[in-house]
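One structure below.
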Amino acid sequence: MFISHFLAKLLTINYTNMLNVPSLNYSLVQAFLIPTMASSSLQFLLIILGISFVVFVSDSQTLFKPNNLMLLTHKDGAANLHVARISKRTPQTPLYFAVDLNGRFLWVNCEKNYVSSTYRAPRCHSTQCSRANSQYCHKCSSKARPGCHNNTCGLMSANPVTHQNAMGEVAQDMLSIQSTRGSNPGPVVMIPQFLFVCAPSRLLQLGIPIYVQGIAGLGHAPIALPTQFASHFGFRPSFALCLSSTSAHSGVIFFGQGPFYMLPGIDVSSSVGYTPLIISREGEYHVGVRSIRINHKAVPLNTSLLKLTKRGTGGTMISTITPYTTLEHSIHQAFTKFFTNQLSSIPQLTPVAPFSVCYDSKRFARTRAGPGVPNIDLVFSSESVVWTILGANSMVEAHPGVLCLGFVDGGLHPRASVVVGAHQLEDNLVQFDLARSRLGFSSSLLSQRTSCANFNFTQTP
């Protein structure tokens with residue numbers, strides 16, 4: 001009678017309540033039940049039911065494995081940075097991180113008010129340290145606290161705006177992120193032992209908004225966000241940027257393959273073009289630009305500068321930290337001269353730094369995709385593979401009524417001859433398919449009557 005009652009309880013447990021039931025100890029179940037059984041067949045049945053119940057309960061929280069994740073971003077207009085909100089620690093605490101497309105990992109300031117019951121600092125030469133590719137053994141003379149333990153491993157962290165460096169402690173802690181289901185947000189999922197770096201607070205003193213607690217690195221590296229997300233949830237490594245052009249509305253970073261829907265029900269990933277993605281030795285993202293066109297006409301320039309050398313110089317890099325596309329000095333001169341020649345009938349205004357070409361905004365018609373100026377094409381592997389930059393991404397309103405060409409002079413010996421900046425990425429879907437080593441690009445979503453602010457951020461399934 002007791003056994004029948006026990007079995008009935010097992011079979012009628014509410015699924016929601018099961019999420020909170022600890023895993024049963026099978027040996028205890030067996031020891032408790034088996035002596036009361038008269039039939040070996042009944043023993044076997046109970047054993048099977050017990051095992052199934054234990055497995056079901058212990059795995060109940062891992063049954064949902066998302067194929068897509070998302071981070072909300074917002075544009076900080078004063079700092080010209082895009083910032084993502086990420087929840088970490090136990091209890092969960094929302095923190096803000098500047099998005100660095102080429103950063104090698106997530107690092108956070110742990111020196112002020114870092115409180116978490118799940119914080120751990122892996123020991124030197126541990127599996128976690130090997131995974132982080134750390135060769136440095138961290139030592140700390142002060143009292144042990146998050147970010148400061150002896151005999152733990154470290155990595156060099158960098159402020160991508162000032163290029164200041166400092167050694168930080170490799171650590172692991174809880175991280176939560178929202179999944180997506182088609183065009184809507186899905187459940188929040190957890191990564192219990194997410195690897196990151198605790199960096200000193202002095203790295204945040206210049207160039208970073210005061211509310212930002214660190215840098216979210218999306219580069220091609222062992223513990224960068226895309227790598228850890230794909231590894232933990234078992235999907236192919238891929239992510240897509242859709243940065244908002246205004247601080248009034250959120251943008252989004254998707255992790256996973258897509259599709260990616262924007263209101264009113266547009267799959268913005270269906271219209272992207274693709275070109276090979278080139279990864280530098282530092283894990284930075286480059287593409288092979290063959291030429292630059294304005295108004296469908298090739299700009300005369302030294303195309304050898306567009307090639308990425310074996311030393312990692314030259315070529316075309318993509319960046320979320322660089323506010324506006326920068327061009328090597330001779331490329332910039334040829335580019336701006338060609339652009340102004342296309343608008344020779346429109347007088348220029350006094351340039352507004354850091355730009356060198358500015359106009360009265362009233363001189364240009366307004367289109368769905370910004371001012372009616374000549375299109376700019378980045379031509380990739382063939383003349384048909386082209387990333388077209390429309391007026392909303394080529395021009396910047398430097399002052400009210402003053403429009404400037406949003407391409408700046410990068411000097412004589414920049415590390416990359418062309419750095420495609422954040423302004424040129426805004427309201428474009430830019431997909432980094434790491435599994436297939438290719439870059440997807442949509443051109444301006446404004447021309448499709450949508451934008452990166454049009455993901456349905458509020459509705460849940």
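The values are calculated or read from the model by the stated rules, or taken from the named source; none is laboratory data. All values reported here derive from a predicted model rather than from experimental measurement. No Cβ is skipped: glycine too gets one built from the backbone with ideal geometry, and neighbour counts run over all protein chains shown. With ligands, DNA and RNA removed, areas are computed over all heavy atoms of the protein, side chains included. Shrake-Rupley method; radii C 1.70, N 1.55, O 1.52, S 1.80 Å.
At a glance:
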read-out	value
Yes/no for A416 being open to solvent by less than 10 Å² (accessible area, probe 1.4 Å) and part of a loop (DSSP other than H, G, I, E, B)	yes
Given (1) surrounded by 24 or more Cβ atoms within 10 Å (Cβ to Cβ); (2) under 18 Å from the mean Cα position of the chain (by Cα), number of the condition G168 does not satisfy	(2)
Test for A84: is it under 19 Å from the mean Cα position of the chain (by Cα) and open to solvent by 30 Å² or more (accessible area, probe 1.4 Å)	no
Within region 424-448, considering residues that are open to solvent by 20 Å² or more (accessible area, probe 1.4 Å) and outside any strand (DSSP E or B), the one farthest from T388 (Cα to Cα)	A435
Condition broken by K362, with the remaining ones in (1) open to solvent by 70 Å² or more (accessible area, probe 1.4 Å); (2) part of a loop (DSSP other than H, G, I, E, B); (3) of a type outside the set (S, T, Y) satisfied	(2)
Count of residues meeting criterion [out of contact with any strand residue (DSSP E or B) (no Cβ under 6 Å at 6 or more places or on another chain), among the acidic types (D, E) and within 21 Å of D76 (Cα to Cα)] in region 402-461	1
So T320, is it β-branched (V, I, T), under 21 Å from R104 (Cα atoms) and touching a His at 6+ places or on another chain (Cβ under 7 Å)	yes
Pair list, Cβ under 9 Å, 6 or more apart: region 99-118 residue closer than 16 Å to A158 by Cβ, other residue part of a loop (DSSP other than H, G, I, E, B) and charged (D, E, K, R)	L101/E284; N102/E282; N102/E284; R104/E282
Answer residue from region 302-319, given it is in a loop (DSSP other than H, G, I, E, B) and touching a Ser or Thr at 6+ places or on another chain (Cβ under 7 Å) and is most open to solvent (accessible area, probe 1.4 Å) among those	N302
Members of region 320-345 found to be open to solvent by 30 Å² or more (accessible area, probe 1.4 Å), farther than 28 Å from A78 by Cβ and outside any helix (DSSP H, G or I), listed by number	S344, S345
Checking V252 against (1) in contact with a Leu (Cβ under 8 Å, 6 or more places away or on another chain); (2) of a type in the set (V, I, T); (3) without any contact (Cβ under 8 Å) to a residue 40 or more places away in the chain, the condition it does not meet	(3)
Count - residues of region 92-129 that are more than 15 Å from P146 (Cα to Cα), among the aromatic types (F, W, Y) and open to solvent by less than 20 Å² (accessible area, probe 1.4 Å)	2
Residues satisfying the stated conditions in region 130-157, i.e. among the basic types (K, R) and either open to solvent by less than 20 Å² (accessible area, probe 1.4 Å) or part of a loop (DSSP other than H, G, I, E, B) (or both)	K139, K143
Pairs with Cβ under 7 Å, 6+ apart, first in region 386-406 and on the phi > 0 side of the Ramachandran plot, second polar (S, T, N, Q) and surrounded by fewer than 24 Cβ atoms within 10 Å (Cβ to Cβ)	G401/S361
Criterion violated by L203 - all others in (1) open to solvent by less than 30 Å² (accessible area, probe 1.4 Å); (2) hydrophobic (A, V, I, L, M, F, W, C); (3) part of a strand (DSSP E or B) satisfied	(3)
Criterion (modelled with pLDDT under 95 and among the β-branched types (V, I, T)) met by exactly one of V99, V83, V54	V54
Only listed residue being surrounded by fewer than 21 Cβ atoms within 10 Å (Cβ to Cβ) and part of a strand (DSSP E or B), chosen from A353, A398	A398
Set Y261, Y285, Y274: member being under 18 Å from the mean Cα position of the chain (by Cα), open to solvent by 60 Å² or more (accessible area, probe 1.4 Å) and touching a residue at least 60 places away in the same chain (Cβ under 8 Å)	Y261
Test for C404: is it crowded, with 24+ Cβ neighbours inside 10 Å, out of contact with any Leu (no Cβ under 7 Å at 6 or more places or on another chain) and hydrophobic (A, V, I, L, M, F, W, C)	yes
Odd one out for G219, checked against (1) touching a Lys or Arg at 6+ places or on another chain (Cβ under 6 Å); (2) farther than 17 Å from V108 by Cα; (3) open to solvent by less than 70 Å² (accessible area, probe 1.4 Å)	(2)
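One line per residue, one yes/no per condition, for (1) within 24 Å of G219 (Cα to Cα); (2) of a type in the set (D, E, K, R):
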| site | (1), (2) |
| --- | --- |
| F255 | yes, no |
| L263 | no, no |
| I279 | yes, no |
| E282 | yes, yes |
| V289 | yes, no |
| N295 | no, no |
| P300 | no, no |
